[in-house]
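Take a look at the structure below.
The values are calculated or read from the model by the stated rules, or taken from the named source; none is laboratory data. This is a predicted model, so every value here is computed, not measured. We place every Cβ from the backbone using ideal geometry, glycine too, and count neighbours over all the protein chains shown.
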Ligand code: BTN
């Protein structure tokens with residue numbers, strides 16, 4: 001850990017108390033002068049401190065994503081092969097594809113804004129500065145790990161649970177992986193598999209998550225569907241930490257039937273009439289179930305038969321008529 005990170009760690013660990021330059025200098029074994037310079041440096045990076053006779057305290061409105069800030073909320077120590085936090089990047093998923101990832105560790109890429117956030121079906125994901133979380137967690141598939149087709153649903157539940165824990169808000173999942181709050185899409189998930197150049201099999205997975213915390217204006221074309229949690233007070237480090245805890249838990253302790261219950265409980269389309277589009281052809285029907293493979297079973301209005309919808313090239317709209 002570099003000196004800046006060590007000092008951030010001490011401030012994040014002591015969120016509500018004042019700490020002195022002397023204490024910091026002893027803890028990191030550097031002179032008071034160097035500590036003061038580092039604090040200035042942090043202020044230039046946007047950190048805000050309250051000061052009094054006892055020393056410095058992180059201002060409670062200070063909500064900056066940092067590695068030590070995230071570590072504070074991880075249930076288990078996690079070793080990351082790569083850990084990047086960008087102020088701005090084209091896409092955290094794209095960048096993740098350039099990383100060298102190894103067997104046993106995750107890689108994590110987070111950005112405060114994206115200029116080319118990517119969504120499903122070739123869409124873009126609006127990722128304005130500071131009002132959302134844009135992150136990608138990637139890992140190498142291992143034989144005993146869960147089937148990649150379940151990852152997308154796992155990621156939806158991981159994010160739902162993190163939001164619910166921190167805010168108490170009820171979040172809904174629109175199959176397969178859009179999260180809704182107050183009838184608006186607040187989170188999108190793009191899972192991508194990278195194949196091994198030698199045998200063509202998928203050997204690593206990138207789970208990209210875009211969560212709107214406080215974004216309150218959206219481009220015209222998505223303004224009637226996109227929304228946010230309308231909450232700028234949620235600790236970004238804490239919600240990222242919780243999302244990682246949940247992902248890590250489900251990736252390593254996956255029990256399909258328990259999991260499916262949790263997923264279905266949050267579904268906003270089960271037992272609802274939907275329109276669905278396959279290759280731009282519109283169908284309508286009643287959602288009757290989600291099966292063990294995460295597929296959606298729809299009773300087709302016209303054929304009166306069950307259509308099995310897999311992820312991929314399918315768009316689902318809740319039929320409000
Ligand atoms: C969708 O709603 O279609 C999926 C959106 C996924 C957006 C996230 S933001 C972080 C990661 N990087 C990207 O470029 N996309 C995903």
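Quick rundown of the values:
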| read-out | value |
| --- | --- |
| Candidates 102, 61 - the one that is modelled with pLDDT under 95 and within 18 Å of residue 15 (Cα to Cα) | 61 |
| Selection within region 291-316 - over 15 Å from residue 263 (Cβ atoms) and either in contact with a helix residue (DSSP H, G or I) (Cβ under 8 Å, 6 or more places away or on another chain) or assigned to a loop (DSSP other than H, G, I, E, B) (or both) | 301, 302, 303, 304, 305, 310, 312, 313, 315 |
| Extreme residue, farthest from residue 135 (Cα to Cα), among residues of region 68-83 that are within 16 Å of the ligand (Cβ to nearest atom) and in contact with a helix residue (DSSP H, G or I) (Cβ under 7 Å, 6 or more places away or on another chain) | 70 |
| Residues within region 184-217 that are in contact (Cβ under 8 Å) with a residue 40 or more places away in the chain, more than 13 Å from the ligand (Cβ to nearest atom) and in a loop (DSSP other than H, G, I, E, B), tallied | 2 |
| Residues satisfying the stated conditions in region 93-131, i.e. over 29 Å from residue 79 (Cβ atoms) and near the ligand (Cβ under 8 Å from one of its atoms) | 116, 119, 120, 121, 123 |
| Number of positions in region 165-181 that are modelled with pLDDT of 95 or more and either surrounded by fewer than 14 Cβ atoms within 10 Å (Cβ to Cβ) or not in a strand (DSSP E or B) (or both) | 6 |
| Residue match in region 275-290 (condition: surrounded by 13 or more Cβ atoms within 10 Å (Cβ to Cβ) and part of a loop (DSSP other than H, G, I, E, B)) | no |
